[in-house]
Amino acid sequence: MDNKDTKTILHALNTFPKAFFVWGIVDQRPQRPVEMEERLKREFPFLSQFTFLNRNNFTQYCKRSLKGIVIKDYTHWEYNSFEKEVPTWQLVDDSSIQPTAGFLLSKCAEIGLNCDSFLASRKNSSEKHNFDRIQILLDLYKNGTQRLSALGHMSAEWDSTGKCRHVAKLAEAELIEHTTFCSRENHIGYQWIEGKNPDEVCYDYPGDRKDKYRIAINRIVRILSTSHRAMSPCELAR
């Protein structure tokens, strides 16, 4: 059995479509992309309306995002007296992958959350980020409210900014309540004053780079005026 570690699996399942694809379409039998699309139409006809669930995207998932948990092979396909070698994909022999995908889908649906709202889904994101964020959730679930500095034991590689970003992402997804800030910022938070009008903020700036200053201030105003809690500088800088 080719067991994959949790970091690899979570990194592959970092968006809702990919988690569904692994849970409901691809399995440990070799399939051509066209067969995957046919299976979607046959077993999940109500999802056919979503045009991004198609053979081309299934191929891209297997070639890129899921390459750590799928195996590529080839088969010969005959059509109108012609024979062509075409690629097939299947899951590696690891019985934990599909249950993990199913659990992720059910929990996200239960709380109305998308996978990529708390997992690292950007192109160059690290596998380790997802594991660290899950560890934060587990630690807070087991031990209750903690200061941000107490989370450092999970990873010796975390710096203060890295911790803040992980916690801010989870807070943005409303999975945790973010009430502390890193020691480097002296636990300072900023909150919009209730009743103040965002349209009355002055953007005048006498120096150079006036446009960049105006854009930055406008963004901070927009974030704070729509938030109901204090926010740290690293949250506002993301």
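Things to note:
- Positive end of the dipole of region 6-111 (Cβ unit charges, origin at the Cα centre): among LEU13, VAL26, ILE69, the Cα lying farthest that way belongs to LEU13.
- Distance between the 7 Å Cα→Cβ label points at GLN191 and GLN98: 4.9 nm.
- Whole-Hz ³J(HN,Hα) from phi, Karplus 6.51 cos²θ - 1.76 cosθ + 1.60, for region 102-111, glycine and proline x: x, 5, 4, 4, 5, 6, 5, 5, 5, 9
- Set LYS41/LYS84; LYS67/LYS107; LYS142/LYS196; LYS4/LYS84 screened for pairs whose C-alpha atoms are more than 30 Å apart: LYS142/LYS196; LYS4/LYS84
- Amide H contacts under 5 Å for ASP27, placed H, 5+ residues apart: LEU91
- Region 6-111: translational diffusion in µm²/s, Stokes-Einstein, Kirkwood Rh over Cα pairs, 37 °C, 0.692 mPa s: 229 µm²/s
- Computed from backbone phi with θ = phi - 60° and the Karplus coefficients 6.51, -1.76 and 1.60, the 3J(HN,Hα) list for region 23-40 is 6, x, 10, 7, 8, 8, 9, x, 9, 7, x, 5, 5, 5, 5, 5, 5, 4 Hz; x is used for glycine and proline.
- The residues packed around ARG32, meaning those with a beta-carbon under 10 Å from its beta-carbon, carry a net charge of -2 if Lys and Arg are +1 and Asp and Glu are -1.
A short reminder: the numbers here are calculations on the coordinates, not readings from a lab. Remember, it's a predicted structure, so these values are computed and weren't measured experimentally. Cβ: placed from backbone, ideal geometry, glycine included. Neighbour counts: every protein chain shown.
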